[in-house]
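The values are calculated or read from the model by the stated rules, or taken from the named source; none is laboratory data. Since the structure is predicted, the reported quantities are computational estimates derived from the model, not experimental observations. Virtual Cβ from ideal backbone geometry, glycine too; neighbours counted across all protein chains shown. Protein only, heavy atoms only, side chains kept; ligands, DNA and RNA dropped before computing areas. Shrake-Rupley method; radii C 1.70, N 1.55, O 1.52, S 1.80 Å.
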Amino acid sequence: MKSTLFYIIGNWKSNKTIDEAVIWAKDFETFAKREPFDLKKVRVILCVPFLHMTTLASLIELRQLPLLLGAQNVSAYPQGAYTGETSASMCQVFVKYTLIGHSERRKYFKEDEPTLKSKLEQAKMVAIEPVYCVQDENMSIPETVTLVGYEPVWAIGTGKPDTPDNANRVAGIIKQRSGRDIKVIYGGSVTPENVTAYATMEHISGVLPGGASLTAQSFHRLIVNASKS
Ligand code: PGA
């Protein structure tokens, strides 16, 4: 493993009732106490639905859970008359990170580059660090971005991850093309079993597990395995 912190950014997507979220947190506490991991090696962020942020933030503080909260998305608009939206300034109390441009946002909600730029601006304005997701090395990355998620669509939720070597190659190209000091993390069917192979790659600074974050047991195992590699 590299000398810098390895990011592990879980993404629950649109999953879990509040009761299930609370059970997850209790389970995670049990696993993390039984087998602690080294927070000097990993930065663990869990991107949850807006609806669960308050409850989970309280539980994290109260139970001293070793993880941070992230958002899966923020509004492209500031606080105001935008019915149904959740602004970055509202999330800022709970999260220090947000995903922006996840392929599911681009696909199902037709988020285009101007929209994503506005979201980036909103996040930056309240000091939320965006994890800007791209699906291949040819997609454009705005200049303010310092943390990029490479997540090939065909690898998401399919159980068919990109190979660590190819993910590393793509991450290297993204870094080189940016001409800046950026970090690239990999997402797409990352599991407790395969995370070590990504964690040891030169250009990969973290992973973005979706399915494997849904049970506390697999998320915890993934973290432990990554922190030992
Ligand atoms: P997955 O999702 O781990 O379930 O493939 C990853 C992602 O959405 O980036």
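Below is a table of values for the structure above.
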| quantity | calculated |
| --- | --- |
| FRET efficiency estimate (nearest 0.05) - Cβ-Cβ, Thr144 to Gln176, R0 25 angstrom | 0.85 |
| Cα radius of gyration and Dmax for the chain (Å) | 16.5, 48 |
| Size-normalised alpha-carbon gyration radius of segment 1-77, reference 2.2 N^0.38 Å | 1.15 |
| Span from the segment 107-153 Cα centroid across to the segment 186-229 one, whole angstrom | 22 |
| Of all accessible heavy-atom area on the chain, the percent that carbon and sulfur account for (1.4 Å) | 53 |
| Integer Hz, Karplus 6.51/-1.76/1.60 couplings in order for segment 186-201, x for Gly and Pro | 10, x, x, 6, 7, 10, x, 6, 9, 5, 4, 5, 6, 5, 8, 7 |
| Pairs beyond 23 Å (Cα-Cα), from Lys110/Lys175; Lys40/Lys228; Lys13/Lys107 | Lys110/Lys175 |
| Trypsin sites (Lys or Arg not before Pro) lying in DSSP loop within segment 142-229, provided at most 12 other Cβ fall within 10 Å | Arg180 |
| Under Karplus coefficients 6.51, -1.76 and 1.60, residue-wise ³J(HN,Hα) of segment 146-151 in Hz, glycine/proline x | 10, 10, 10, x, 9, 9 |
| 1.4 Å probe accessible area per residue over segment 1-158, in Å² | 51 |
| Where labels lie 7 Å past Cα in the beta-carbon direction, separation of Asp136 and Glu113 in nm | 1.5 |
| Proximal charge balance of Ser178 [Cβ under 11 Å; K/R count +1, D/E count -1] | +1 |
| Tyr7 long-range amide H proximity, modeled H, under 5 Å | Arg43, Gly206, Val207 |
